[in-house]
Amino acid sequence: MSSKFFKIMSGAAVSALLTFSGAAMATAETLADTLVAAYKHSGLLEQNRALLRAADEDVAQAVAALRPVINWSGEVVRNFGVNGGTSAFTGSFGTTGISSTTASINLIAELTLYNGGRNRLEIEAAKETVLATRAQLLAIEQEVLLRAVQAFMEVRRDLEIVALRRNNVRVITQELRAARDRFEVGEVTRTDVALAEARLSAAQSDLAAAEGELQISVEEYRAVTGQRPGTLQAPRSAPRLPGSQQVAETAAVRSHPEMVQARHDVAVGELSIRIAETAAKPTVTLSGRLGATEEFGERDYSRNGRIALEATGPIYQGGRLPSLVRQSMARRDAARGNLHVVRHQIRQNVGNAYARLGIAQSRISSTTDQVRASRVAFQGVREEATLGARTTLDVLDAEQELLDAQAALISAQVDQTIAAYSVLASIGELTAQSLRLNVPIYDPSDYYNLVKDSPAAKSKQGRDLDRVLRALGKE
């Protein structure tokens, strides 16, 4: 395109953004700025980070099952009784009341010595669930950032389309004015004027539609980033991609977050079977009880204690235990099936992303040539029309072909950028860390390391955890 055309588009783009997205920001925004804003603003990320912390707590609770459980209990009891007989003072039959008050306090401790390894298996299952949830969080992060890329590029696309439509209205208005002038001197007929008027009305309608699409894109941008777009700079370069589609597919199957999550889900399924099998094994517990009791009024005070080693196990439960094992096997098989589905879906996503990228690149090459040829044709037809060799309709058609070619080129350039980032997302590399965004990267291991050993509320680790929760605004 010519430098004059780019100047027209730039001015119209700024004007459209001021009109449809409120007061523009003072500084230009890059794609990286938009990704940073989306990363910080996303409520979806906050939601899934909280779900990950909840999964971390499952590990803490499973660890706590290996430790002694100590409880206390206390009660105050008022006893009432009635005795019948002859009163020594009245010589008549009557009743006398007997009552007492007893207070007791007890300390109870219990420790599971053996339950077929169930507790340790539950710890391992909880850890696998944490790893699966971490992978899910990364997959959500990719969705958030890809949506930000699409929002950024769609605003840019619609800004340039609005600029084209405004320029088209301006050009057709000039053509209409020229047709009327030529009609006045008898060079053209009323039909030529009507054609120009009809084309101007269509151009104004297209401009209104383009402005509406811009408003929709601005609202999407605001939903993604929490702010209205300012002056958006075109990306200076495309992201670095794998050398070939095959290399990308291999990397995606190995490390894509959805594949990682699916593999950990299978591991959870395997552990669940072993956990279900432990229900048929005996449980051995050691318990102790220390108590004190006092009966008021009688000055009767006593202490008591008890230590017990208890073993329990199932004999017959109506087929419930083998049913639990079979159910766990079915869920494990479902997780394996999902792993197969995810693997093929990821390969397909990589192939689709590369196909869209190839289409966009081909369209850019062809539409660039189309714009160049259409511009030459439009300029030639307009010159010939001034000499009477072309009709007004010829000029309008040539101008419309140039407009369509320019719009196609803009769309192809936007599609190329979106497709390139879609390739990154398809292989699992569209993350804040991989893109080196200027944001504090959320480390899922920080909270896990604080809670994995199930810290007591008043311990140093517990106090550190309290500070983390206050920083998160969760306490």
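The values are calculated or read from the model by the stated rules, or taken from the named source; none is laboratory data. Since we're looking at a predicted model, the values are computed, not measured. With ideal geometry, Cβ positions are generated from the backbone for all residues, glycine too; neighbour counts draw on all protein chains shown. Accessible surface is based on the protein model in full, side chains and every heavy atom, while ligands, DNA and RNA are left aside. Shrake-Rupley method; radii C 1.70, N 1.55, O 1.52, S 1.80 Å.
Observations on the structure shown:
- Think of the chain as a dipole: +1 on every Lys or Arg Cβ, -1 on every Asp or Glu Cβ, centred on the Cα centre; then among ALA202, LEU286, VAL144, LEU286 lies furthest on the positive end.
- A 1.4 Å probe run over the protein chains yields, for the chain, 56 Å² of accessible area per residue, whole-number rounding.
- The alpha-carbon atoms of the stretch 113-197 define a convex hull whose volume equals 97 cubic angstrom per residue.
- The stretch 185-307 shape via C-alpha gyration tensor axes, a/c threshold 1.5: prolate
- Share of alpha-carbon pairs per 10 Å distance bin for the stretch 277-370, given as whole %: 11, 15, 13, 13, 12, 11, 9, 7, 5, 3, 1
- Computed from Cα atoms, the angle from the helix 118-184 axis to the main principal axis of the chain rounds to 20 degrees.
- As computed over the stretch 245-300, the Cα convex hull volume per residue (Å³): 173 Å³
- Within the stretch 164-245, the proportion of C-alpha pairs whose separation exceeds 18 Å stands at 64%.
- Computed helical MRE - 222 nm, the chain, DSSP H runs ≥ 4 contributing -39500 (n - 2.57), nearest 500: -23500 deg cm²/dmol
- Convex hull volume of the Cα atoms of the stretch 343-431, normalised per residue: 79 Å³.
- Fully extended contour minus Cα-Cα distance, from THR250 to ALA28, at 0.36 nm per residue: 76.1 nm
- Mean-position separation - Cα centroids, the stretch 217-281 and the stretch 106-122, in angstrom: 38 Å
- Proportion of all alpha-carbon pairs of the chain beyond 41 Å (%): 50 percent
- On full extension, the segment bounded by SER302 and ARG240 gains 14.4 nm, given 0.36 nm per residue less the C-alpha separation.
- Heavy-atom accessible surface of the chain: percent carbon and sulfur, 1.4 Å: 53 percent
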